[in-house]
Every structure is written in C-alpha cells, then in structure tokens.
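Q: Below you will find the structure I want to go over with you.
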Amino acid sequence: MENVYKVDIGEAIVSIFLTQLVAEFAHATKLTRWLVRHERRQGEIMASPFYTTKVGQASIRQLDNGRGISHSLVNQTTGASNVDVHINELKVDSGAGERHFHAKAENVYIVLEGCLEVVVEGERHLLYKDDVGFIPAGIVHTAGNAGTHGICRMIEIYAPAGRDFNVVEGWFRPDA
C-alpha cells in the first residue's frame with residue numbers, strides 16, 4: 001500500500017519528520033538567543049532552554065479504554081510546539097484503538113518490544129521489534145497490541161503537536 005512506509009530502525013526514519021525537527025530546533029535556537037539577550041539586559045537568570053527527562057520519570061497517563069499507559073517525553077508542556085514524542089505500553093488484551101485520522105499530523109511508530117498491529121485504510125500491518133511505520137496526515141488508521149508477543153512498547157512521534165484526533169465511525173478492521 002502506498003500510504004504506509006515500513007523501514008528498518010537502522011535506516012533514516014522519515015525525512016519529513018527530520019525536516020520538521022530541524023525547523024523546530026532552528027526556531028527554538030533563534031528564540032533562545034533573543035531570550036538570553038533580553039534576560040541579560042534585564043539582569044535576570046534564565047533557565048536552560050534544553051529539556052531532558054528519563055522515561056521512568058516522565059509523566060504518565062492512562063490510555064483510553066484501559067489499553068495501557070503512555071509516557072509523555074516531549075510535547076507542548078515541555079516547550080515543543082511542533083512535535084509530540086511518547087512511549088506507549090499497550091496491554092496484550094488491549095485491542096485496537098479508535099479508528100481515526102489526523103488532519104495535519106503525521107505519525108511515526110517505532111516498536112521497542114512486542115508486536116504492534118496497525119490497520120491503515122482497511123489494510124492490516126504487523127510491526128515487530130525495531131520496525132518503524134509512518135502514516136501520513138489524513139489517513140484513517142488504528143493501532144493496538146497484536147496480542148501474540150506480550151506487552152507492546154513503542155515510541156510514537158506525532159507532528160505537528162496539538163489536538164488533531166478525528167474519530168471515524170462505521171469503519172471496520174479487515175479481520176473483524
């Protein structure tokens with residue numbers, strides 16, 4: 001299917017994501033330089049523009065329908081305006097999430113453990129450890145633990161950041 005791209009983790013993930021990340025960094029760098037100059041003029045000490053966390057210390061939220069948990073690594077609350085990065089841990093019996101699309105946001109899934117089932121516009125794909133999947137904006141999809149390899153841990157990159165989740169009713173999984 002032309003709308004899904006699967007590559008090995010050792011290869012370049014997605015050039016458009018990297019382009020957005022570079023643009024975000026360039027914007028943040030310009031803003032930081034301005035803030036540093038401004039703060040120095042005001043004689044105040046500015047906090048570091050660099051954000052860091054550990055997965056085990058990142059804020060955690062429960063996923064809808066008790067499907068698992070999500071570790072929020074980078075998002076709007078950490079100062080990012082164009083990207084959201086989190087690690088999802090999906091339970092074995094979690095099933096697929098809601099069928100949806102993102103009008104503007106693109107998704108990248110990087111499987112760390114287990115098996116992720118991704119259904120994209122009705123076509124089923126299985127992603128295993130070290131597999132990377134990319135879904136362009138506007139494409140109807142759902143993702144969940146395939147249920148065959150224990151818990152599924154994956155990095156999800158969502159860009160641009162922000163609420164962009166449009167549920168699709170009446171769309172069915174191919175194996176249902």
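Q: Does Arg61 satisfy being free of Cβ contacts under 8 Å to residues at least 12 places away in the same chain and outside any loop (DSSP other than H, G, I, E, B)? Even if it seems obvious, please write down each step before you answer.
A: Working: free of Cβ contacts under 8 Å to residues at least 12 places away in the same chain: yes; outside any loop (DSSP other than H, G, I, E, B): yes.
It is true that Arg61 is free of Cβ contacts under 8 Å to residues at least 12 places away in the same chain and outside any loop (DSSP other than H, G, I, E, B).
Q: Can you pull out the residues in region 83-101 that are within 17 Å of Ile155 (Cβ to Cβ), modelled with pLDDT of 85 or more and not in a strand (DSSP E or B)?
A: Selection gives Val83 alone.
Q: Given (1) over 25 Å from Phe50 (Cβ atoms); (2) modelled with pLDDT of 90 or more, where does Ser72 come up short, assuming only one miss?
A: Evaluating Ser72 over (1) over 25 Å from Phe50 (Cβ atoms); (2) modelled with pLDDT of 90 or more leaves (1) as the failure.
Q: Continuing with this model, one more query. Return the residues of region 144-163 that are touching a Cys at 6+ places or on another chain (Cβ under 9 Å) and either without any contact (Cβ under 8 Å) to a residue 12 or more places away in the chain or within 16 Å of Arg99 (Cα to Cα) (or both); say none if nothing qualifies.
A: Gly144, Asn145, Ala146
Q: Then there's this: Within region 79-120, count every residue that is in contact with a His (Cβ under 7 Å, 6 or more places away or on another chain) and on the phi > 0 side of the Ramachandran plot.
A: 1
Q: Further question on the same structure: Check Ala80 against each of (1) outside any loop (DSSP other than H, G, I, E, B); (2) of a type in the set (Gly, Ala, Ser); (3) under 26 Å from Thr52 (Cβ atoms) and name the one condition it does not meet.
A: Among (1) outside any loop (DSSP other than H, G, I, E, B); (2) of a type in the set (Gly, Ala, Ser); (3) under 26 Å from Thr52 (Cβ atoms), the lone unmet condition for Ala80 is (1).
Q: I'm told Gly66 meets every condition in (1) in contact (Cβ under 8 Å) with a residue 40 or more places away in the chain; (2) within 22 Å of Val167 (Cα to Cα); (3) exposed (fewer than 15 other Cβ atoms within 10 Å of the Cβ) except one. Can you identify the failing condition by its number?
A: (1)
Q: Next question, about the same structure. Is one or more of the residues making up region 84-100 farther than 27 Å from His149 by Cβ and of a type outside the set (S, T, N, Q)? Show your work before the answer.
A: In the first step, residues of region 84-100 are kept if they are farther than 27 Å from His149 by Cβ; the result is none.
No, because not a single residue in region 84-100 is farther than 27 Å from His149 by Cβ and of a type outside the set (S, T, N, Q).
Q: Of all residues in region 104-131, which are at pLDDT 90 or above and in a loop (DSSP other than H, G, I, E, B)?
A: Those that are at pLDDT 90 or above and in a loop (DSSP other than H, G, I, E, B): Lys104, Gly114, Lys129, Asp130.
Q: Within region 132-156, how many residues turn out to be more than 16 Å from Glu89 (Cα to Cα) and part of a loop (DSSP other than H, G, I, E, B)?
A: The number of residues fulfilling the criteria is 5.
The values are calculated or read from the model by the stated rules, or taken from the named source; none is laboratory data. A quick note: this is a predicted structure, and the numbers were derived from the prediction, not measured. Cβ atoms come from the backbone with ideal geometry, glycine included; neighbour counts cover every protein chain shown.
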